[in-house]
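Since every read-out is calculated from the coordinates, none of them should be taken as a lab result. Remember, it's a predicted structure, so these values are computed and weren't measured experimentally. With ideal geometry, Cβ positions are generated from the backbone for all residues, glycine too; neighbour counts draw on all protein chains shown.
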Amino acid sequence: MRAAVDTALRAVIIGIFSVLVACVVWQVVSRYLLNTPSTVTDEMARFLFMWLALIGGAYTLGLRRHLAIDLLTVHLQGRAKRLSEALILLIIAVFAGLVMVRGGGQLMARTLSSGQVTPALQIPMAYVYGAIPISGVIMLYYCALFARDLTSGNLPAAHETLD
């Protein structure tokens, strides 16, 4: 299951990045060669970048390659290290659950009910904000996997890879 989620996330990130690059290239071409800047690709690039950053951040968490300050945990061993890892994992899960999933879901619901649309693309703004709860759910998924590994004693250090 984890390999399938990782593969799907990689494909989504590559797809978003590819479309983002195409938007930016077209924006440059239309602005400097055609002298008619495209507002649609400008807006689309902004929104795709948001999705890329949030989904990419969740994926990076899953690979345990996210930015981490491990000044304390790198010097701990045994039970103290496991408790420290558990506390960090709990903080990440609480943030992902409360702020991203719950808060992001409420933001989506409010903007969907208000009928707010994007200026150039005319799509519901809730679709743009959808990246927040979706990435929060992905983070919670990885936190659940890490919690399972932590209880069985198999959690790798933050600088190790899972490949």
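Structural remarks
- Scalar couplings 3J(HN,Hα) for region 98-109, obtained by applying the Karplus form with A = 6.51, B = -1.76, C = 1.60 to θ = phi - 60°, are 7, 7, 7, 6, 5, x, x, x, 5, 4, 4, 4 Hz; x denotes Gly and Pro.
- With respect to the chain, whose longest principal axis is taken over its alpha-carbon atoms, helix 2-28 is tilted by about 30°.
- Stretchable slack from Leu98 to Leu33, in nm (0.36 nm times residue separation minus alpha-carbon distance): 18.7 nm
- The value of relative contact order for region 1-160, using C-alpha pairs under 8 Å at least six residues apart, is 25 percent.
- Amide H partners (placed H, <5 Å) of Val117, local residues excluded: Met125
- Charges were assigned to the Cβ only: +1 to each Lys and Arg, -1 to each Asp and Glu. The resulting dipole of the chain about its Cα centre is roughly 260 debye.
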